[in-house]
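Enquirer: The structure is given below, and queries will be raised subsequently.
Computed from the coordinates by the stated procedures, all read-outs in this text should not be read as laboratory data. Nothing here was measured: the structure is a model prediction, and the numbers come from that model. Neighbour counts are summed over all protein chains in view; Cβ atoms, including those assigned to glycine, are modelled from backbone coordinates with ideal geometry.
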Amino acid sequence: MRAHHAEQIDARYALAKEQYAALSVDTDAALAALRAIPVSLHCWQGDDVGGFERPAATLSGGGIQATGNYPGKARNADELRADLDMALSLIPGTHRLNLHAIYGDFGGKFVDRNAIQPEHFARWIDWAKAKGMGMDFNPTYFSHPKAEDGTLSHPDPAIRQFWIEHGIACRKIGEAFGKALGTPCVTNIWIPDGSKDIPVDRKAPRERLLAALDAILAEKIDRRYLLDAVESKLFGIGSESYVVGSHEFYMGYAVSRQLLLCLDAGHFHPTEVIFDKLSSVLAFVPEVLLHVSRGVRWDSDHVVTLTDELQAIAQEIIRGGYQQRVHIGLDFFDASINRLAAWVIGTRNMIKALLLALLEPIQTLRVSEQNGDFTARLAWLEEAKTLPVGAVWDYYCQQQNTPVGAAWLDAVKTYERDVLSKR
């Protein structure tokens, strides 16, 4: 039965391959390119951004919120790794893991943020090495008593120094990831600092943030091991009127320091999109980090679906030839549905969007555009939407020994029954 199903997938792919070839699109080459693009899965989808510093950790510190209480969330690093193992087995390709600092193996002891070391992430490194994966990292500037009124822009020098030390510690952990795993670790700085109501002084907090960032980044670390990124936000919960780390602030900082700029799909105006920013930003910074999410009316971080915006992000990466300069990470956390399923749905959709972009008749489109034939350009763009991408996607999943179609859902339901329901 399975062999017959495989034969059907092969036959459908052969027909699709011919159809794409008629438009000068090489589907085999597209799949080879797709295999080379990793997506960084975010660990925090597995436990609602709680982390493992303390028992029953919860979100606090501003700017973020997870909703829902679906049963079975990971309660420790071992359970989270098991959930990730299951999710990754259902996602085609070799990808990465993005960790926050609160997800260390702390051995039941409280280790404050400014004292964390690579040793607290040794089991994560071993896990990733065994899977042939790279890892990315994030300082955690929330869910801490010293984060209630600000972090790197705080007026109290002692609190600022605490968070500077945390940032320095996180860069050393990121460097350790890069050295151990043979691929640079993108270490991304985001802080929730801001004001609920209109502030009088917008200048001083930004000056303090600037100085704090310079202190964190003072030590030069080899880019073979560590890539530094900074992330902006328009507003957050409790910072509706003013965010210290605005887009303009961090864009200026990234350009002047030649760092990665992180563009989060949910961190701008609800109708503002990030795909159009890529070619502009990449004219001035060496590389970009993407946090792909889905905001619904606000930065609500819904599971990524195959929307026009997601497809436009993938198209901009592929059309611009930015595969080596854009690091794709996911950043959503939905606790209202099975958390493992959320990873699978969101990541598979990101990969599908990349495949759609790789299968565009790009040469035909470029020639039409260069010749000023905008009629033909629009016609081919629309024709491409009904080409048999589904047959190519199913073939790719089969090639990568991952479930075809919605068959992955059966595996998730079985895992929920046998593992998640017993937590």
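Enquirer: At 0.36 nm per residue, minus the direct Cα-Cα distance, what do Asp112 and Gln161 gain on full extension? Give it in nm, one decimal, please. Mind showing how you got there, number by number?
Expert: Values: separation 49, 0.36 × 49 = 17.64 nm, distance 1.35 nm.
Additional length available on full extension: 16.3 nm.
Enquirer: Here's another thing I want to ask about it. If amide H atoms are built 1.01 Å from N in the plane of the peptide, which residues on other chains or at least 5 residues away come under 5 Å of the amide H of Ser40?
Expert: When sequence neighbours closer than 5 places are left aside, the close amide H contacts are Arg96, Ile328, Gly329, Leu330.
Enquirer: Now, a different point. Which whole-Hz couplings ³J(HN,Hα) result when phi for each residue of the stretch 28-45 is put into the Karplus expression 6.51 cos²θ - 1.76 cosθ + 1.60, θ = phi - 60°, listed in order with x for Gly and Pro?
Expert: 4, 5, 4, 5, 5, 5, 5, 4, 8, 9, x, 10, 8, 6, 8, 5, 6, 5
Enquirer: Could you list which residues have their amide H under 5 Å from that of Gly194, counting only those 5 or more apart in sequence or on another chain, with H placed in the peptide plane?
Expert: Under 5 Å from the amide H of Gly194 lie the amide H atoms of Val244, each far enough along the sequence or on another chain.
Enquirer: At Lys179 and Asp105, where each label point lies 7 Å from the Cα along Cα→Cβ, what is the point-to-point distance in nanometres?
Expert: That separation, rounded to one decimal, is 1.9 nm.
Enquirer: Relative contact order for the stretch 218-373: what is it in percent, counting Cα pairs under 8 Å that are at least 6 residues apart?
Expert: Values: 226 pairs, mean separation 29.0, N = 156.
19 percent.
Enquirer: Whose amide H sits under 5 Å from the amide H of Gly134, counting only residues 5 or more places off or on another chain, with H placed in the peptide plane?
Expert: When sequence neighbours closer than 5 places are left aside, the close amide H contacts are Leu97.
Enquirer: Suppose each label sits 7 Å from its Cα in the direction of the beta carbon; what would the Val255-Gln370 distance come out to in nanometres?
Expert: Roughly 3.0 nm, to one decimal.
Enquirer: Working out 0.36 nm times the residue gap between Leu409 and Arg35, then minus their Cα-Cα distance, what length gain in nm do you get to one decimal? Please report the intermediate quantities before stating the final value.
Expert: Details: separation 374, 0.36 × 374 = 134.64 nm, distance 2.26 nm.
The span from Leu409 to Arg35 would gain 132.4 nm if fully extended.
Enquirer: Where Lys and Arg each count +1 and Asp and Glu each count -1, what net charge lies around Arg224 among other residues with Cβ under 11 Å from its Cβ? Numbers along the way, then the final one.
Expert: Details: positive: Lys179, Arg223; negative: Glu175, Asp222.
With Lys, Arg at +1 and Asp, Glu at -1, the net is 0.
Enquirer: Mind putting a number on the dipole of the chain about its Cα centre? Charges go on the C-beta only, +1 for Lys and Arg and -1 for Asp and Glu, and I need it in Debye to the nearest 20. Write out the running numbers ahead of the final one.
Expert: Numbers: 44 positive and 53 negative charges, 139 e Å.
Computed about the Cα centre, the dipole is about 660 debye.
Enquirer: Using the Karplus curve 6.51 cos²θ - 1.76 cosθ + 1.60 with θ = phi - 60°, what ³J(HN,Hα) values do you get for each residue of the stretch 83-98, in whole Hz, with x for Gly and Pro?
Expert: 5, 5, 4, 5, 4, 5, 5, 9, 10, x, x, 9, 10, 10, 10, 10
Enquirer: Scattering from the C-alpha atoms of the chain alone, worked out with Debye: what is log10 I(q)/I(0) at q = 0.10, 0.13 1/Å?
Expert: So the normalised log intensities work out to -0.70, -1.16.
Enquirer: Using Cα positions and a limit of under 14 Å, work out the aspartates and glutamates in reach of Lys179, with same-chain residues fewer than 8 apart set aside.
Expert: Counting by Cα, and skipping residues close in sequence, Lys179 has these aspartates and glutamates nearby: Glu119, Asp126, Asp136, Asp222.
Enquirer: Taking 0.36 nm per residue of sequence separation and subtracting the Cα-Cα distance, how much length would be gained by fully extending the chain between Thr307 and Glu382, in nm to one decimal? The partial results should precede the final answer.
Expert: On the way: separation 75, 0.36 × 75 = 27.00 nm, distance 1.57 nm.
Computed gain between Thr307 and Glu382 is 25.4 nm.
Enquirer: Right, next: Taking 2.2 N^0.38 Å as the expected size of a compact globular protein, what ratio does the Cα radius of gyration of the stretch 209-328 give against it, to two decimals? Walk me through the numbers on the way to the answer.
Expert: On the way: Rg = 14.7 Å, N = 120, 2.2 N^0.38 = 13.6 Å.
Ratio of Rg to 2.2 N^0.38 Å for the stretch 209-328: 1.08.
Enquirer: Related question: Given the options Lys413, Lys203, Lys172, state which has the largest fluctuation in a GNM of the chain using a 10 Å cut-off (strictly under) for Cα springs.
Expert: Lys203
Enquirer: Given the stretch 38-358, what percent of its DSSP beta bridges are antiparallel, to the nearest 5? All intermediate terms of the calculation are to be shown ahead of the outcome.
Expert: Numbers: 4 of 33 bridges.
Taking every DSSP beta bridge with both residues in the stretch 38-358, the antiparallel ones total about 10 percent.
Enquirer: While we're looking at this one, here's another question. Evaluate the relative contact order of the chain (contact order divided by residue number), counting alpha-carbon pairs under 8 angstrom at least 6 apart; express in whole percent. If you can, show how the numbers build up before the last one.
Expert: Details: 762 pairs, mean separation 86.2, N = 423.
Answer for the chain is 20 percent.
Enquirer: I want to verify the translational diffusion coefficient of the stretch 282-423 in µm²/s; compute it with Stokes-Einstein, Rh as the Kirkwood radius over Cα pairs, at 10 °C and 1.306 mPa s. Kindly include the intermediate steps, with their values, before the conclusion.
Expert: Values: Rh = 17.3 Å.
Translational D for this selection: 92 µm²/s.
Enquirer: Could you go through the stretch 166-180 in sequence order and give the Karplus-derived ³J(HN,Hα) for each residue, using 6.51 cos²θ - 1.76 cosθ + 1.60 with θ = phi - 60°, rounded to whole Hz, and x for Gly and Pro?
Expert: For the stretch 166-180, the Karplus curve yields 5, x, 5, 4, 5, 5, 5, 5, x, 4, 4, 4, x, 5, 6 Hz.
Enquirer: Can you compute the helix-only [θ] at 222 nm over the chain? Use -39500 (n - 2.57) per DSSP H run of at least 4 residues, normalise by all residues, nearest 500 deg cm²/dmol.
Expert: -13500 deg cm²/dmol, from helical runs alone.
Enquirer: Between Asp126 and Ala211, how many nm apart are label points set 7 Å from Cα along the C-beta direction?
Expert: Each label point is offset 7 Å from its Cα along the Cβ direction, giving 4.4 nm.
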